[in-house]
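Participant: Questions regarding the structure given below will be posed in turn.
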Amino acid sequence: MTRILLLHGPNLSQLGERDPEQYGSLSLSQLVDAATEAAGEAGADLDHAQYEREGELVARVHLARTDGTDAVVINPGAFTHYSYALRDALDILDIPKVEVHLSNVHARESFRHRSVVSAVCDGTIAGLGVDGYRAAISLAAARARA
Ligand code: DQA
């Protein structure tokens, strides 16, 4: 069975209450349920973790090198825009990696237009809400098996 790891960065624990116009009305656990269903349809198992702290997220990416993870889907939250530590951790993780954002970061404040992790991911999906997660998971599973 293909194992996909879904990772979330800071403040995504607040989904459902946080700025629903940008992020939709699903809570994090509802989003993870939808992602788990998408993984099942793609013939994959899903593990999930969310961290408020940069070092914990970096450590989980390191662990993915040896724990049998086949592909990563990551929404790093605000770390997207400035965390070189996360960027370097993803760089040394040699499996398919898909960056995903609920909101269309390119249509928002200029600080959100730049991602320091995009260059070390296979691709990025932004602005498609939960559908973007479904697509990211299906693509990550396909790439892990390719
Ligand atoms: C986000 C976009 C980021 O700019 C923001 O800091 C987030 C969520 C998104 O999913 O649209 O926390 O990654």
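The values are calculated or read from the model by the stated rules, or taken from the named source; none is laboratory data. All figures in this text were calculated on a predicted structure; none of them were measured in a lab. Because the Cβ atoms are built from the backbone with ideal geometry, glycine has one as well, and the counts that use them run over all protein chains shown. All accessible areas refer to the heavy atoms of the entire protein, side chains included, with ligands and DNA or RNA removed. Shrake-Rupley method; radii C 1.70, N 1.55, O 1.52, S 1.80 Å.
Participant: Which one of these is among the basic types (Lys, Arg), more than 12 Å from the ligand (Cβ to nearest atom) and in contact (Cβ under 8 Å) with a residue 40 or more places away in the chain: ARG60, ARG108, ARG65, ARG87? Please lay out each step first, then the result.
Facilitator: Details: ARG108 fails: more than 12 Å from the ligand (Cβ to nearest atom); ARG65 fails: in contact (Cβ under 8 Å) with a residue 40 or more places away in the chain; ARG87 fails: in contact (Cβ under 8 Å) with a residue 40 or more places away in the chain.
Of ARG60, ARG108, ARG65, ARG87, the one residue that is among the basic types (Lys, Arg), more than 12 Å from the ligand (Cβ to nearest atom) and in contact (Cβ under 8 Å) with a residue 40 or more places away in the chain is ARG60.
Participant: Restricting attention to the range 34-54, report how many residues are open to solvent by 70 Å² or more (accessible area, probe 1.4 Å), away from the ligand (no atom under 16 Å from the Cβ) and not in a helix (DSSP H, G or I).
Facilitator: Adding up the residues that qualify gives 1.
Participant: For the range 55-97, what are the residues that are open to solvent by 10 Å² or more (accessible area, probe 1.4 Å), closer than 17 Å to ALA35 by Cα and hydrophobic (A, V, I, L, M, F, W, C)?
Facilitator: none
Participant: Of the residues that make up the range 71-81, is at least one within 17 Å of ARG143 (Cβ to Cβ), modelled with pLDDT of 95 or more, in contact with a Pro (Cβ under 6 Å, 6 or more places away or on another chain) and of a type outside the set (Phe, Trp, Tyr)? Lay out the reasoning, then the answer.
Facilitator: Step one: filter the range 71-81 for residues within 17 Å of ARG143 (Cβ to Cβ), giving 71-74.
Still in the list and also modelled with pLDDT of 95 or more: 71-74.
Now narrow it down to the ones that are in contact with a Pro (Cβ under 6 Å, 6 or more places away or on another chain): 71.
Checking which are of a type outside the set (Phe, Trp, Tyr) leaves us with 71.
Scanning the range 71-81, I find at least one residue that is within 17 Å of ARG143 (Cβ to Cβ), modelled with pLDDT of 95 or more, in contact with a Pro (Cβ under 6 Å, 6 or more places away or on another chain) and of a type outside the set (Phe, Trp, Tyr), so the answer is yes.
Participant: Please go through the range 25-47 and give me each residue that is of a type in the set (Gly, Ala, Ser) and within 27 Å of ARG3 (Cα to Cα), ordered by number. Outline the logic, then answer.
Facilitator: To start, the set of residues in the range 25-47 that are of a type in the set (Gly, Ala, Ser) comprises 25, 27, 29, 34-35, 38-40, 42-44.
Residues satisfying the conditions are SER27, SER29, ALA34, ALA35, ALA38, ALA39, GLY40, ALA42, GLY43, ALA44.
Participant: Filter the range 1-13 down to the residues that are within 14 Å of the ligand (Cβ to nearest atom) and among the hydrophobic types (A, V, I, L, M, F, W, C) and list them by number.
Facilitator: We begin by selecting, within the range 1-13, every residue within 14 Å of the ligand (Cβ to nearest atom); these are 6-13.
If the condition is that a residue be within 14 Å of the ligand (Cβ to nearest atom) and among the hydrophobic types (A, V, I, L, M, F, W, C), then LEU6, LEU7, LEU12 are the ones that fit.
Participant: How many of the residues making up the range 14-33 are within 10 Å of the ligand (Cβ to nearest atom) and open to solvent by 20 Å² or more (accessible area, probe 1.4 Å)?
Facilitator: Going through the range 14-33 one residue at a time, the tally reaches 6.
Participant: What pairs come up if the first residue lies in the range 127-146 and is crowded, with 17+ Cβ neighbours inside 10 Å, the second is among the acidic types (Asp, Glu), and their beta carbons are under 6 Å apart, counting only those six or more places apart or on different chains?
Facilitator: Matching pairs, first to second residue: ALA144/ASP70.
Participant: Can I ask one more? Where residues in the range 12-33 are outside any helix (DSSP H, G or I) and under 21 Å from GLU54 (Cα atoms), which of them is modelled with the lowest pLDDT? Even if it seems obvious, please write down each step before you answer.
Facilitator: Here is the first cut: in the range 12-33, the residues outside any helix (DSSP H, G or I) are 15-19, 24-27.
Still in the running and under 21 Å from GLU54 (Cα atoms): 15, 18.
Working: LEU15: 98, ARG18: 93.
Taking the candidates together, the pick is ARG18.
Participant: So ARG145 fits all but one of (1) within 10 Å of the ligand (Cβ to nearest atom); (2) touching a Gly at 6+ places or on another chain (Cβ under 9 Å); (3) charged (D, E, K, R); what number is the exception?
Facilitator: Of the numbered conditions (1) within 10 Å of the ligand (Cβ to nearest atom); (2) touching a Gly at 6+ places or on another chain (Cβ under 9 Å); (3) charged (D, E, K, R), the odd one out for ARG145 is (1).
Participant: Being in a helix (DSSP H, G or I), within 15 Å of the ligand (Cβ to nearest atom) and either among the β-branched types (Val, Ile, Thr) or modelled with pLDDT under 95 (or both) is the filter here; which residues of the range 111-136 pass it? Don't jump to the end; show me each part of the working.
Facilitator: Narrowing the range 111-136 to residues in a helix (DSSP H, G or I): 111-112, 118-120, 129-136.
If we keep only those that are within 15 Å of the ligand (Cβ to nearest atom) too, we end up with 111-112, 118, 129-136.
Answer for the range 111-136, where residues must be in a helix (DSSP H, G or I), within 15 Å of the ligand (Cβ to nearest atom) and either among the β-branched types (Val, Ile, Thr) or modelled with pLDDT under 95 (or both): just VAL130.
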